[in-house]
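One structure is given here, and the rest of the page talks about it.
Laboratory data are not the source of any read-out in this text; all were calculated from the coordinates shown. What you see is a predicted model, and the numbers here were worked out from it, not measured in a lab. Ideal geometry is used to build each Cβ from the backbone, glycine not excepted, and the neighbour counts take in all protein chains shown.
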């Protein structure tokens, strides 16, 4: 009975954690859920299903969070690179616009002579 309550609590936390979160939070939820199930099964074989579920949830949650944090970091790196690329493109366009305006002003001065 104790194992069923612990697994139900872990699965509830898992479901609540996964919805709309970043990768690190989703990874922690998924890892904790999977760890609790696997730990509960292994612990049940030795007569300690509740303890196994708790240990599995803790280890799985930490592992899942680490993997998710790595994915979040990579996502931020990609977004930063895209923003830097867009910034460079906009700066180039701004410089071209400035040069065109300068050329137009010079042409107008030459036409007025």
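Table for the structure above
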quantity	calculated
Qualifying position, being in a helix (DSSP H, G or I), free of Cβ contacts under 8 Å to residues at least 24 places away in the same chain and within 31 Å of the chain's Cα centre (by Cα), among 30, 37, 41	41
Residue check for residue 82: exposed (fewer than 15 other Cβ atoms within 10 Å of the Cβ) and more than 24 Å from the chain's Cα centre (by Cα)	no
